[in-house]
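Worksheet: one structure, shown below.
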Amino acid sequence: MIAGELSSASNRALMFALGNLVKGTVLSEANFEVSVREAREKCRACSREFRLAPPFFCCPACGKPASSIEEGRKVYIDYYEGE
Amino acid sequence: MRVYLAKELLEANQNNAGENRSLLRASGVLMVNLIGSPGSGKTALLEHTLKKLSGYRTAVIEGDLYTDEDARRLSSWCNQIVQINTEGSCHLEAGYIGHLLAQENLLSAELLFIENIGNLVCPAEFDLGEDIRVVLLSVTEGNDKPRKYPLAFKVADAAVVTKTDLLPYCDFNLNQLNEDLRKINENLALFTVSTKTGEGLGDWCKWLEKLLQRKRSA
Ligand SMILES: Nc1nc2c(ncn2[C@@H]2O[C@H](COP(=O)(O)OP(=O)(O)O)[C@@H](O)[C@H]2O)c(=O)[nH]1
Ligand SMILES: [Mg+2]
Ligand SMILES: [Zn+2]
């Protein structure tokens, strides 16, 4: 799974929930991996690429606010693998 | 074998929110989602807003963990009110709002308000399909809250600073708040109100009326 850095989804909470969900099912031996993905964008004003960091999500070079934080809020299942 | 899904966890909620948005567009209802911590003054603001906008057909979806006290507080000022008790859950979801839009007579209203569960974190994550999302901040909570809970303010259309009659008793720095909010969300509309003195309620209600008019003529 990929958890956007700005998603409010906690890595630890996800692992805890997934681990408990599969207990006693055919997936009980499954391994889960959650990677946290940084939210980045190219500044609309000065074109510098920067990491969207709370609390202001602004470009560190020129102070322009990020255009959108939506990418960094996504939490999704990237893939599963098995035989 | 590796199977790529790239499926978003909140996709189901997003889809439901999209359906709500289409329903609201078709019926010309303006839906306003109020979020804020417990005690920030959501119900008090609604009471006074409904009173001031009594010329419109209004409806309220009142979210609380338990009890219908807030719904009863509002019932004299509103044409229709629906109470949701989430029994512990900390936010409302689009699917349930959609269910209510279909079951109850809410789409005959002009203005539909939602009082979300008192919480500054989770309600910001769940799009309900609303036209505008409003986050409340009472002066007793302190002006640093947008720095500590930036997402709620980032995804909002307006912020309402409540209980301004208490400003003389709190070290609440409105200028600092303004500066922080501009940085977090340059498009955020800002209102300052007190339900005790009535200060600011006029501007807030005028803004809602303007949005309603714009939606109807769209
Ligand atoms: N002094 C003052 N108190 C307020 C104001 N608005 C709300 N309150 C009080 O704050 C408390 C919580 O308000 P309420 O509307 O129930 O908050 P909610 O939990 O966000 O719905 C109540 O005791 C209200 O009387 C205001 O503008 N000024
Ligand atoms: Mg309330
Ligand atoms: Zn820049």
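Table for the structure above
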quantity: Residue in segment B:75-82 that is under 19 Å from the mean Cα position of the chain (by Cα), over 19 Å from B:VAL135 (Cβ atoms) and part of a helix (DSSP H, G or I) present; calculated: yes
quantity: Residues of segment A:3-28 classified as within 13 Å of A:GLY72 (Cα to Cα) and outside any loop (DSSP other than H, G, I, E, B), total; calculated: 2
quantity: Candidate set: segment A:29-47, residues that are more than 12 Å from ligand 3 (Cβ to nearest atom), away from chain B (no Cβ under 14 Å) and not in a strand (DSSP E or B); chosen: the one farthest from A:TYR79 (Cα to Cα); calculated: A:GLU38
quantity: Residue pairs meeting the criteria (Cβ under 6 Å; at least 6 apart or on separate chains; first more than 7 Å from every other protein chain (Cβ to nearest Cβ) and touching a residue at least 40 places away in the same chain (Cβ under 8 Å), in segment B:3-28; second open to solvent by 50 Å² or more (accessible area, probe 1.4 Å) and among the basic types (Lys, Arg)); calculated: B:GLY28/B:ARG216
quantity: Qualifying residue in segment B:96-115 (condition: open to solvent by less than 20 Å² (accessible area, probe 1.4 Å), more than 22 Å from B:ALA189 (Cα to Cα) and within 16 Å of ligand 2 (Cβ to nearest atom)); calculated: no
quantity: Positions within segment A:48-63 being in a loop (DSSP other than H, G, I, E, B) and either loosely packed, with under 14 Cβ neighbours inside 10 Å or at the interface with chain B (Cβ under 9 Å from one of its Cβ atoms) (or both), in sequence order; calculated: A:ARG48, A:PRO54, A:PRO55, A:PHE56, A:PHE57, A:PRO60, A:ALA61, A:CYS62, A:GLY63
quantity: Positions within segment B:1-55 being part of a loop (DSSP other than H, G, I, E, B), open to solvent by less than 80 Å² (accessible area, probe 1.4 Å) and within 14 Å of ligand 1 (Cβ to nearest atom), in sequence order; calculated: B:SER37, B:GLY39, B:SER40, B:GLY41
quantity: Conditions (1) more than 16 Å from ligand 3 (Cβ to nearest atom); (2) open to solvent by 60 Å² or more (accessible area, probe 1.4 Å); (3) closer than 21 Å to B:PHE153 by Cβ: number failed by A:LEU6; calculated: (2)
quantity: Filtered residues of segment A:12-22 (kept if closer than 12 Å to A:SER35 by Cα and open to solvent by less than 60 Å² (accessible area, probe 1.4 Å)); calculated: A:LEU14
quantity: Count - residues of segment B:10-67 that are more than 30 Å from A:TYR76 (Cβ to Cβ), hydroxyl-bearing (Ser, Thr, Tyr) and more than 15 Å from ligand 2 (Cβ to nearest atom); calculated: 4
quantity: From B:ASP171, B:ASP131, B:ASP127, residue being of a type outside the set (S, T, N, Q), within 14 Å of chain A (Cβ to nearest Cβ) and open to solvent by 10 Å² or more (accessible area, probe 1.4 Å); calculated: B:ASP127
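The values are calculated or read from the model by the stated rules, or taken from the named source; none is laboratory data. As the structure is a computational prediction, the values presented were derived from the model and not from experiment. Because the Cβ atoms are built from the backbone with ideal geometry, glycine has one as well, and the counts that use them run over all protein chains shown. Accessible surface is based on the protein model in full, side chains and every heavy atom, while ligands, DNA and RNA are left aside. Shrake-Rupley method; radii C 1.70, N 1.55, O 1.52, S 1.80 Å.
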